[in-house]
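The next block holds one structure in the form of structure tokens; read it before the comments.
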Amino acid sequence: MRYLVLALCVAATGVAGAAQAESGTDPDWPCVQRKQPHLSLGQMWSGPEPDEAVGELARTPKIAALADRLEQRRLPLEEAEAEIAEFAKTADDRQLTALMVAIFDRVEPHRAALIAGIARYGHKQVDLAQRIDAHRQKMEQLQQAEAPDFDAVDAQEEQLDWDMRIFQDRQQALTYVCETPVILEQRVFALARAIAAGLE
């Protein structure tokens, strides 16, 4: 039990430390992927630079509705690309750029919120690992007493087991959680490529 607890604590603090080295700044970042809190349109889009008029065009009902549909991950990428190709048949470059702006404006805030949530997630894991270690130390102290309070030992062990189950469940979910921002980036990039293909 002792070695398992220590392994869990090392895993939590080790992942955070490795992530800090990767990101360079954030000790709460638990992912292998480099932390990038925000994306810029220029990272995704190689087409015309949007101006204020294109921004307004991005908010028109037709383009806004299409962007709402295209950014949904439940829509297969192949279907999204087909819809973009159909839109491009009658759209000019400004409308296509506006569609890209509309998609980016929907995905970027969602992705930024995910990044912030992952940092909080990582911080909670480190806190939980420290709490697990504190339970372990307290249990050892109780067991080494001249007259051990076995009820207190049992209570510490029960809390330790509970916290360890929570920790392990969260660690198993962490891989998927960390991949989600990357999946969003990949989708935006793929949509940007499909839109750019329709430019004149």
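The values are calculated or read from the model by the stated rules, or taken from the named source; none is laboratory data. This structure is a prediction, so every number in the text was calculated from the model and none was measured. Cβ coordinates were reconstructed from backbone atoms using ideal geometry, including for glycine residues, and neighbour counts include every protein chain displayed. Heavy atoms of the whole protein, side chains included, go into the accessibility calculation; ligands, DNA and RNA do not. Shrake-Rupley method; radii C 1.70, N 1.55, O 1.52, S 1.80 Å.
General observations
- Cβ-derived FRET efficiency at R0 30 Å, GLU200 paired with ARG59, nearest 0.05: 0.85
- Solvent-accessible area per residue for segment 35-163 (1.4 angstrom probe, square angstrom): 58
- Mean residue ellipticity (222 nm) of the chain, computed from DSSP H runs ≥ 4 via -39,500 (n - 2.57), nearest 500: -26500 deg cm²/dmol
- Here's the list of lysines a cross-link from LYS35 could span, going by alpha-carbon distance under 28 Å and ignoring same-chain residues fewer than 8 apart: LYS124.
- Of the solvent-accessible surface of the chain, computed with a 1.4 Å probe over protein heavy atoms with every protein chain present, carbon and sulfur atoms account for 53 percent.
- In the chain, the ratio of gyration radius to Kirkwood radius, Rg to Rh, stands at 1.22 when only Cα atoms are counted.
- If R0 is 35 Å, the Cβ-Cβ spacing of ARG69 and ARG34 corresponds to a FRET efficiency of close to 0.70.
- Highest-MSF residue in the chain out of VAL107, VAL153, VAL177 [GNM, Cα springs under 10 Å]: VAL153
- Positive-end residue, the chain charge dipole about Cα centroid, Cβ charges, pick of GLY122, VAL54, CYS31: VAL54
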